[in-house]
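The values are calculated or read from the model by the stated rules, or taken from the named source; none is laboratory data. Because the structure is predicted, anything quoted here is derived from the model rather than measured. With ideal geometry, Cβ positions are generated from the backbone for all residues, glycine too; neighbour counts draw on all protein chains shown.
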């Protein structure tokens with residue numbers, strides 16, 4: 001009887017955890033959350049748990065503190081991830097007792113998702129590594145560093161999605177990383193003006209130098225040199241990665257096909273806007289016209305095919 005009671009308690013904890021993750025995802029208002037509803041219920045819950053973990057990782061880095069303190073907090077978070085996924089329990093989070101009260105609600109759903117879909121803990125830990133890049137980064141140095149950054153902040157999510165979608169991960173690993181690269185380069189180009197205001201440059205220093213773009217003028221949002229050539233190079237790189245990554249679509253179950261297609265087409269549409277008017281990235285944050293967004297959603301929220 002006692003064992004039965006314990007089992008019921010664990011089920012209640014897991015239900016509450018998934019509900020908590022769903023709340024975090026819903027309140028984000030992101031396009032990612034909207035696409036989750038295209039999935040069958042169990043996969044949708046897993047995506048919400050993954051999203052909540054990523055959201056927590058970002059939020060921990062945004063808490064007050066010096067760079068060393070933030071880095072230590074995220075390293076502790078990675079240790080908690082390892083401990084919970086391997087042992088099923090975690091200790092108090094560095095951010096304090098109030099934080100622990102809330103984060104305790106995250107771990108059961110995340111662990112259940114990680115175990116159910118065989119997501120390597122290293123993939124989730126690498127996602128946190130991506131958050132660390134932003135603590136004191138002013139500029140990435142070269143393509144190798146850029147590719148590592150894109151893998152950590154976006155490629156890891158793509159790999160975790162492959163597991164949740166029950167796709168052939170080994171076969172699709174490289175194209176999932178390509179897809180993350182394409183998405184993140186799109187973000188970088190779209191947000192170039194906002195990032196200069198935060199004193200950050202995500203296009204590598206080596207490439208800026210190669211195109212005669214000095215850091216000082218770039219930070220003033222008055223780029224010198226062949227900045228347009230540099231931007232067009234990255235548009236082409238991202239577009240090629242998009243095309244390679246479409247292979248994922250052919251290996252997915254019907255519900256995951258719809259989610260992947262919506263996200264792929266939504267991000268690619270942003271890149272197309274940048275390609276159409278690249279000079280505008282220094283004036284405002286480009287977005288997809290509302291009519292095109294509406295068309296994308298109407299196209300994908302029909303019967304599964």
Residue 162 is checked against (1) more than 30 Å from residue 219 (Cβ to Cβ); (2) not assigned by TED's automatic domain parsing to the domain that holds residue 288 and fails just one. What number does that condition carry? (2)
Scanning segment 113-143 for residues that are farther than 23 Å from residue 219 by Cβ and surrounded by fewer than 17 Cβ atoms within 10 Å (Cβ to Cβ) gives 115, 116, 118, 120, 121, 122
Confirm whether residue 295 is over 23 Å from the mean Cα position of the chain (by Cα) and not assigned by TED's automatic domain parsing to the domain that holds residue 48. yes
Any hit, segment 191-199, residues being at pLDDT 95 or above, closer than 25 Å to residue 297 by Cβ and touching a helix residue (DSSP H, G or I) at 6+ places or on another chain (Cβ under 9 Å): yes
Residue count, segment 267-286, condition within 13 Å of residue 192 (Cα to Cα) and part of a loop (DSSP other than H, G, I, E, B), comes to 4
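Name the residues in segment 125-142 that are part of a helix (DSSP H, G or I) and more than 11 Å from the chain's Cα centre (by Cα), would you? Even if it seems obvious, please write down each step before you answer.
Step one: of segment 125-142, the residues part of a helix (DSSP H, G or I) are 125-136.
Scanning segment 125-142 gives 125, 126, 129, 132, 133, 134, 135, 136.
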